[in-house]
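Presented below is the structure to which this report refers.
Read the figures in this text as sums done on the coordinates, not as results from a lab. Treat the numbers as computed from the prediction; the structure is a model and nothing was measured. Note that we place each Cβ from the backbone using ideal geometry, even for glycine, and neighbour counts take in every protein chain shown.
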Amino acid sequence: MRHYYSAEAIRAAEAPLLASLPDGVLMRRAAYGLATAIARELVSRAGGIAGRRVCAVVGSGDNGGDALWAATFLRRRGAAASAVLLNPDHTHATALAAFRGAGGRVVAEVAADTDLVIDGVVGISGKGPLRPSAAAVFDAVDAAGIPVVAVDIPSGVDVHTGAITGPAVRAALTVTFGGLKPVHALADCGRVELVDIGLELPSTDVLALDAADVKADWPVPHQHDDKYTQGVTGILAGSSTYPGAAILCTGAAVAATSGMKRYAGSAAAEVLAHWPEVVAAPSAAAAGRVQAWVVGPGLGTDDNAVAALTFALNTDLPVIVDADALTILAAHPHLVSDREAPTVLTPHAGEFARLAGAPPGEDRIAATRRLADAFGATVLLKGNVTVVAEAGTPVYLNPAGGSWAATAGSGDVLSGVIGALLAAGVAPARAAAMAAFVHARAANASAADPGPAAVPTSASRILAHIRSAVAAL
């Protein structure tokens, strides 16, 4: 499990350490971890440390002090170290003295033959984009193709939301201290390394699952299980116009768990041609025993679609509402207002705007929480980083590690996986987060198949990798 902490939580955890340690010890501890990570980066990129050229771009706060101390440690290991001071009158004095004492040079600009740049402009207390002087430095760094290691966060990127509203640093590696911050999931920070500096952090309500978490909760049949006890997933999806949505959604449910799948809709012939193990019924009312419903992919928004969604939401079963059903729900929000059974909404940004009356905006965590509270539901906001929120539970983030899942029909696959997990008894927010994790793994694997270079993929290819993504857990 990965935990993401606010800047305020990190500062509060630092306070007792700062009070108990001699002045500067915590900074040097952090900077030593930073220097160690940079040394590994230099070895991997340039084959060694001695003789390599490192330049720190230094702001006026402790972040700049970290960068200077790290450059000092690297200088002592034989690197040629320089520093650009963006605000010379407010540079960390002790760190600068140590840097100069080790033979580091203060320069006006980053040399084009520099091997690596350290971004020490602003830390977790910084707000807004880079100022013009810093932006000019990093424009030149980008133009020269010099890799950047960011200290704590890439400067110019919001620590809580990952928003970029102007010039910002693009980092190949971000080294952060004490605990991860939301930005490390929500924005492109390059590779992220966490340095333990001895903080005792409280519990947090922003999490990300790792493979071990998903493996631990993925439904596995036990000795006395049968097709019913493993979960019966009901699927209301597809239409004569969009039969493919029914095939993708149902196929994903088949691939995700070993329970039973019932399809009720107008694309039964197409579904059964692809998935003969599915039991088809002419209507939801005739489907028989179901333990969760998936409603919406390719369903349309006509009266029959409204009736299908209304039927599912009037049951006491978990329901996942996706695609066309979200459009219906936006026009009929009362359908979930009195529900006590779990409801999972899975909007992309456009569907979110229809449900909420406005797009998610820069703070996707806060926006997802608001929509979850407004509908009394679990909300999975799709995107390169999936956000799952439900009142009273932690928010789950799932960085996809790529955008291969941004393809038509991909969401139909995701909804089928979530529905199967709900039918198997997995709690709604956990089911949504687990499904997002496996879906992203399947998308990335399908893009790399046959490999080694990633190539464009499709929803049917993603579906074909769901089982292998679960097996890889």
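For residue 107, nonlocal amide neighbours, meaning residues 5 or more places apart or on other chains whose placed amide H falls under 5 Å from its own, are 83, 84, 85. Stretching residue 330 away from residue 144 to a fully extended chain increases their span by 62.1 nm, per 0.36 nm per residue minus the current alpha-carbon distance. Spin-label pair residue 107-residue 240: with each label point 7 Å from Cα along the Cα-Cβ axis, the two points sit 7.1 nm from one another.
Dipole magnitude for the range 211-472: about 380 debye, using +1 per Lys or Arg Cβ and -1 per Asp or Glu Cβ, origin at the Cα centre.
Cα centroid separation, the range 105-142 to the range 324-387: 39 Å. Available extension along the chain between residue 384 and residue 227 is 53.1 nm, counting 0.36 nm per residue and deducting the alpha carbon span. Rg of the Cα atoms in the range 2-203, relative to 2.2 N^0.38 Å, amounts to 0.93.
Relative to its residue count, the chain spans a Cα convex hull of 157 Å³ per residue. Would you report the distance distribution of C-alpha pairs in the range 211-472 as whole percents per 10 angstrom bin, up to the bin with the largest distance? Percent of pairs per bin, in order: 8, 34, 39, 18, 2, 0. Each peptide in 292-302, 333-343 gets a packing score, the mean of other Cβ atoms within 10 Å over its residues, and the list from highest to lowest is 292-302, 333-343. The H on the amide N of residue 265, modeled in the peptide plane, is under 5 Å from the matching H of 281, each at least 5 residues off or on a different chain. Per-residue extension of 0.36 nm, minus the Cα-Cα distance of residue 94 and residue 408, leaves a gain of 107.5 nm for this segment. Backbone N atoms of the range 222-262 closer than 11 Å to the 7 Å Cα→Cβ label point of residue 272 are not found in any residue. Computed from label points 7 Å out along Cα-Cβ, the spacing between residue 454 and residue 362 is 2.7 nm. Each peptide in 390-402, 226-238, 82-94 receives the mean, over its residues, of other Cβ atoms within 10 Å, and ordering these scores from highest gives 226-238, 390-402, 82-94. Peptide packing for 110-123, 52-65 was compared via the average number of neighbouring C-beta atoms within 10 Å per residue; ordered from the highest value, the list is 52-65, 110-123. Dipole orientation for the chain: of the candidates 179, 22, 157, 22 has the Cα lying most toward the positive pole (charges on Cβ; Lys, Arg +1; Asp, Glu -1).
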